[in-house]
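These notes concern the structure reproduced below.
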Amino acid sequence: MLLIVGGGSVEPEMLKRLAARVQGIVGADRGGDIVLAAGLVPDAVIGDMDSVADSARFSGRTRVLTLAEQDTTDFEKCLYSTRAPITLAIGMTGGRFDHTLAALHAVARYAHERRVILIDGHDLAMGVAGSIALNVGAGERVSIYPLGRTRFARSKGLLYRLDGLEMAQGEAIGTSNLATEDRIEIEVAPGGQDPWLLILDRKLLDAVI
């Protein structure tokens, strides 16, 4: 499991808790400074290096990978330069709004390859390509947000069922559904469905990794 740290809003204590659970820490450009400020050493710092304070600050334990291309964000550069089945990402939201949208773009782009989970001060948002079943606990908020166009075949354990519902931005989204059972199941329809976001309280991280 990998942790990517961006340059947005990051709680130092949350960073330390997540760092203790992963096998690697990567700073996305200025995210490397945030890792250092928390008293941690990143395994790598990746990006175009236009916002990091000074790449020379990093010790020999840290690989600094400068990628000058401007077709992708620093977050995407981290994603295509690493391999991990589960990737946690913090500091991708809570700052500039365009950076938040760019993070969602990256999740959509890589959802078919790896499980990418954005975490902020309140929630986690996990990119899902296909169907999913997991234990979240009855009474928990469950939001479903399309990253493209997704048709759902059925759901189980949700107050508002998704059976036969097609979601797309600007048409239909699934904000603040509710788990009525401990276990929820969400099944997409056959065919090429776009990735979607499952948004939960961040306390439920263990349920999705």
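The values are calculated or read from the model by the stated rules, or taken from the named source; none is laboratory data. Values in this document were obtained by computation on a predicted structure and should not be read as measured data. Every residue, glycine among them, receives a Cβ derived from its backbone with ideal geometry; neighbour counts consider all protein chains shown.
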So for region 117-127 (the condition being more than 24 Å from R17 (Cα to Cα) and at pLDDT below 95), does at least one residue qualify? no
So which residues in region 173-209 are free of Cβ contacts under 8 Å to residues at least 24 places away in the same chain and closer than 18 Å to G148 by Cα, if there are any at all? G192
Given the conditions (1) more than 26 Å from A207 (Cβ to Cβ); (2) modelled with pLDDT of 95 or more, and given that I90 satisfies all but one, which numbered condition is not satisfied? (1)
Checking L200, L162, L134 in turn, the sole residue that is crowded, with 21+ Cβ neighbours inside 10 Å, of a type in the set (A, V, I, L, M, F, W, C) and within 25 Å of M92 (Cβ to Cβ) turns out to be L200
So which strands (runs of 3 or more DSSP E) are wholly in region 1-56 and hold at least 2 residues that are farther than 19 Å from A68 by Cβ? 2-5, 24-28
Say we look at region 166-180 and pick out the residues that are more than 13 Å from P195 (Cα to Cα) and of a type outside the set (A, V, I, L, M, F, W, C); which of these is surrounded by the fewest Cβ atoms within 10 Å (Cβ to Cβ)? G170
Output for region 18-57, where each listed residue is hydrophobic (A, V, I, L, M, F, W, C), loosely packed, with under 14 Cβ neighbours inside 10 Å and in contact with an Asp or Glu (Cβ under 8 Å, 6 or more places away or on another chain): A53
Identify, please: which residue in region 58-99 is of a type in the set (S, T, N, Q) and surrounded by 17 or more Cβ atoms within 10 Å (Cβ to Cβ) and is, among those, nearest to R21 (Cα to Cα)? T87
